[in-house]
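The values are calculated or read from the model by the stated rules, or taken from the named source; none is laboratory data. Quick caveat, the model's predicted, so the values are computed rather than measured. Glycine also receives a Cβ, built like all others from the backbone with ideal geometry; neighbour counts cover every protein chain displayed. Side chains are part of the model used for accessible areas, which takes the heavy atoms of the whole protein and leaves out ligands, DNA and RNA. Shrake-Rupley method; radii C 1.70, N 1.55, O 1.52, S 1.80 Å.
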Amino acid sequence: MSAEDASVDELLDQVETMLSQSDSAHAVELCSKILTVDKKNDEAYGLRAQAYLQQGEGKKALNDLDHSLQ
């Protein structure tokens, strides 16, 4: 695992904490930042989908889930 992978993993852990605290706005923001660096990060897409669902944004969540399954 590279240093960049470790930092992305740490950021994903932060997103999970945000989601558990219903801080979906910041979770979406952080996942979006992760995806600018790693456009194929399935976990970031999945977590952002969860955040979108917390916000009632079902279409955005489905779009992210589609990306994570490709």
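Can you list the HN-Hα couplings for segment 30-43, worked out from phi with the Karplus curve (6.51, -1.76, 1.60; θ = phi - 60°), rounded to whole Hz and with x for Gly and Pro?
5, 4, 4, 5, 4, 6, 6, 8, 10, 5, 10, 7, 4, 5
Mind listing the long-range amide H neighbours of Glu57? Cut-off is under 5 Å, sequence gap 5 or more, other chains count too, H placed in the peptide plane at 1.01 Å from N.
Answer set, sorted by chain and number: none.
Rounded to the nearest 10 Å², what accessible area does Glu10 show when all protein chains are kept and the probe is 1.4 Å?
Approximately 110 Å² of Glu10 is accessible to the 1.4 Å probe.
Applying 1/(1 + (r/R0)^6) with R0 = 35 Å to the Cβ-Cβ distance of Asp13 and Lys59, what FRET efficiency is obtained, to the nearest 0.05? Walk me through the intermediate numbers first.
Working: r = 27 Å, r/R0 = 0.78.
The formula returns an efficiency of 0.80 here.
Using only the alpha-carbon atoms, how far is helix 58-69 inclined from the longest principal axis of the chain? Give it as 0 to 90 degrees, nearest 10.
Compared with the principal axis, the helix lies near 40 degrees.
Return the carbon/sulfur percentage of the accessible area of the chain, one whole number, probe 1.4 Å, all protein chains in place. Before the final figure, lay out the partial values.
On the way: 2260 of 4530 Å².
Here it works out to 50 percent.
Calculate the dipole size of the chain relative to its Cα centre from +1 charges on Lys and Arg beta carbons and -1 charges on Asp and Glu beta carbons; express the result in debye to the nearest 20.
360
Pairing the Cα long axis of helix 3-20 with the longest principal axis of the chain, what angle in degrees results, from 0 to 90 and rounded to the nearest 10?
It is inclined by approximately 30 degrees.
In what order, largest first, do Lys39, Lys59 sit by accessible area if the probe radius is 1.4 Å? Present the calculation step by step, with values, prior to reporting the outcome.
On the way: Lys39 140, Lys59 180 Å².
Correct descending sequence by accessible area is Lys59, Lys39.
Taking only DSSP H segments of four or more residues, each worth -39500 (n - 2.57), what value at 222 nm results for the chain once the sum is divided by all its residues, to the nearest 500 deg cm²/dmol? Spell out each step's value before the answer.
Details: 4 runs with 57 residues, N = 70.
Helix contribution divided over all residues of the chain: -26500 deg cm²/dmol.
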